[in-house]
Amino acid sequence: MKLRKVTAASAVVLALAVTATACGSDNKKDSDSSGGNKKITIGIKFDQPGIGQKTPQGYAGFDVDVATYVAGKLGYKPDQIQWRETKSADRENALSRGDVDFIAASYSITPERQQKVDFAGPYLLAHQDVLIRTDDTAIKSPSDLNSKKLCSVTGSTSAQNVHDKLAPKAQLQEYPTYSACLTGLQNKAIDALTTDDSILAGYASQAAFKGKFKLGGFKMTNENYGIGVKKGSDLKAKINTALEAMVSDGSWKTAVDKNFGPAHYKNEPAPKIGNIVS
C-alpha cells in the first residue's frame, strides 16, 4: 500500500512537470512565430555604390532596397536580415552551399547560370553603357569610342565587347577598380568607362562625383537582373509575388529614383516577371 501511494504521488509530480514543459514549449513557439529569433541571410555586393554597398552607416543601394522589401514580404524585419558579401565569381557556390537564402547582387539572368540556380524576376533591365565627362561632346555613339581610351576593371569583358563589336580602334585600359577608372576619367587619363548603366549611374550619383559625369545612353547589351535562389527552392514563387507588389505599390520606382536619380539615369520600366529580354 505504501508503495502504491509513493507511485501515485510520483505520477502527480510527473504530470505537473509535463504540463509545465508543454506550456514552456508553447511560449517559445509563440516567440519564434512573432519573429523574435528568425533570421534570413541575403547575398549582396559590398562595393557597388547605388547597387549594393557596405558603408559606415550600414548597407545601401538599389539591390539592398529591393532585398529588404522582399524580406519584409517574406516575414522578416530589417534587423532580422544578415547581409553577406557575394562576389560575382562565388554567387552560384554560395547558393548551392546554402550560405545565403537568396542573392540580389546585379545578378544578370543568363542561360548558363539558369542551369545552376533559379531566378526570381527580373526586377531591373539594365544595359551596357559608357560613362563620360559631363562636358564631353565628342562621344555621341559607340563608334565615337574609336581611338578613345576606354576603361573597365581587370577581368571584366565589357571593354573587350565594345572593342570587338562596336569600336575596334578603341584603346582598352584595365584598372583594378571602378573607382580607379573614375579617377582616371576625372583626370582625363581615360575618355570613357564601360559596364552596366545601373552600376555607372550608382557611381556617378555619389556626392563626390555629382554633376561631373553623364551616361552615354548607348544600350549596348541587355542585362536582366534577377534574384538568385537555390535550384528548386520554393522561395522563387514567393519572391516573384513580392517583386510584383513592390512595383504595384510604387516602392520600386521610389528605390530607382533614390539610388540612381542624381545621375539622371533613364531607367527602363519595371520588367514583367519572367520576361527575359535578349
Among Gly211, Gly217, Gly250, Gly184, which is the only one that is of a type outside the set (Val, Ile, Thr) and within 24 Å of Phe119 (Cα to Cα)? Gly250
Residue ID - modelled with the highest pLDDT, chosen from residues in the range 230-266 that are more than 26 Å from Val100 (Cβ to Cβ) and touching a Ser or Thr at 6+ places or on another chain (Cβ under 9 Å): Tyr265
Against the definition (modelled with pLDDT of 95 or more, under 11 Å from the mean Cα position of the chain (by Cα) and either over 23 Å from Leu235 (Cα atoms) or surrounded by 11 or more Cβ atoms within 10 Å (Cβ to Cβ) (or both)), how does Val70 come out, yes or no? no
What are the residues in the range 73-91 that are within 20 Å of Thr241 (Cβ to Cβ) and open to solvent by less than 70 Å² (accessible area, probe 1.4 Å), if any? Leu74, Gly75, Tyr76, Gln80, Ile81
Could you run through the range 110-128 and say how many residues are closer than 24 Å to Ile81 by Cα and of a type in the set (A, V, I, L, M)? 3
Considering residues that are open to solvent by 40 Å² or more (accessible area, probe 1.4 Å), free of Cβ contacts under 8 Å to residues at least 60 places away in the same chain and either outside any helix (DSSP H, G or I) or in contact with a strand residue (DSSP E or B) (Cβ under 6 Å, 6 or more places away or on another chain) (or both), the number found within the range 217-263 is 2
Tell me which of these Gly36 doesn't satisfy, since it passes every other one: (1) farther than 23 Å from Asp197 by Cβ; (2) at pLDDT 95 or above. (2)
Qualifying residue in the range 39-59 (condition: in contact with a helix residue (DSSP H, G or I) (Cβ under 7 Å, 6 or more places away or on another chain), of a type outside the set (Ser, Thr, Tyr), at pLDDT 75 or above and surrounded by fewer than 21 Cβ atoms within 10 Å (Cβ to Cβ)): yes
The residue that is most open to solvent (accessible area, probe 1.4 Å), considering only those in the range 92-143 that are of a type in the set (S, T, N, Q) and farther than 30 Å from Lys238 by Cβ, is Thr137
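The values are calculated or read from the model by the stated rules, or taken from the named source; none is laboratory data. Just so it is clear, the model here is predicted, and its values are computed rather than measured. Ideal geometry is used to build each Cβ from the backbone, glycine not excepted, and the neighbour counts take in all protein chains shown. For accessibility, only protein heavy atoms count, side chains too; no ligands or nucleic acids. Shrake-Rupley method; radii C 1.70, N 1.55, O 1.52, S 1.80 Å.
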